[in-house]
Amino acid sequence: MKQQYRNASVITDKRVIFNIHGNSYRLIVDIEYRLKIVFIVWFGTHKQYDKIDAKKVSYVKTNKK
């Protein structure tokens, strides 16, 4: 499933990619609709984005305090 909107692409039922600043940057988020929470999964340049798999990339949980 992939739906294209002006500045976003829905690639799964919960993962969305946003094109930012004229498509210079990409933001990948997971949306938990039931919980009304958006998780930022990845952010980087379009060049960096071309080197990852947008469906498989995941955020890294850190224990920084």
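The values are calculated or read from the model by the stated rules, or taken from the named source; none is laboratory data. Treat the numbers as computed from the prediction; the structure is a model and nothing was measured. Don't worry about glycine lacking a Cβ; one is built from the backbone with ideal geometry, like all the others, and counts go over all protein chains shown. Heavy atoms of the whole protein, side chains included, go into the accessibility calculation; ligands, DNA and RNA do not. Shrake-Rupley method; radii C 1.70, N 1.55, O 1.52, S 1.80 Å.
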Debye intensity ratio in log₁₀ form over the Cα atoms of the chain, taken at each q of 0.13, 0.19, 0.22, 0.27 Å⁻¹:
-0.36, -0.75, -0.96, -1.28
Can you tell which of TYR33, TYR49, TYR25 shows the greatest fluctuation in a Gaussian network model of the chain with Cα springs below 10 Å?
TYR33
Return the distance in nm (one decimal) between the two label points of a simple spin-label model at ASP50 and ARG34, each offset 7 Å from Cα along Cα→Cβ.
3.9 nm
Neighbourhood net charge (11 Å Cβ-Cβ; Lys/Arg +1, Asp/Glu -1) for ASN19:
+2
Using a simple charge model, +1 on the beta-carbon of Lys and Arg, -1 on the beta-carbon of Asp and Glu, nothing else, what dipole does the range 23-65 show about its Cα centre, in debye to the nearest 20?
180 debye
Neighbourhood net charge (13 Å Cβ-Cβ; Lys/Arg +1, Asp/Glu -1) for GLU32
+2
To the nearest 10 square angstrom, what accessible area does SER58 show with a 1.4 Å probe?
80 Å²
Using a 1.4 Å probe, what is the accessible area per residue for the chain, in Å²?
83 Å²
Carbon/sulfur fraction of accessible area - the chain, other protein chains in place, 1.4 Å, %
53 percent
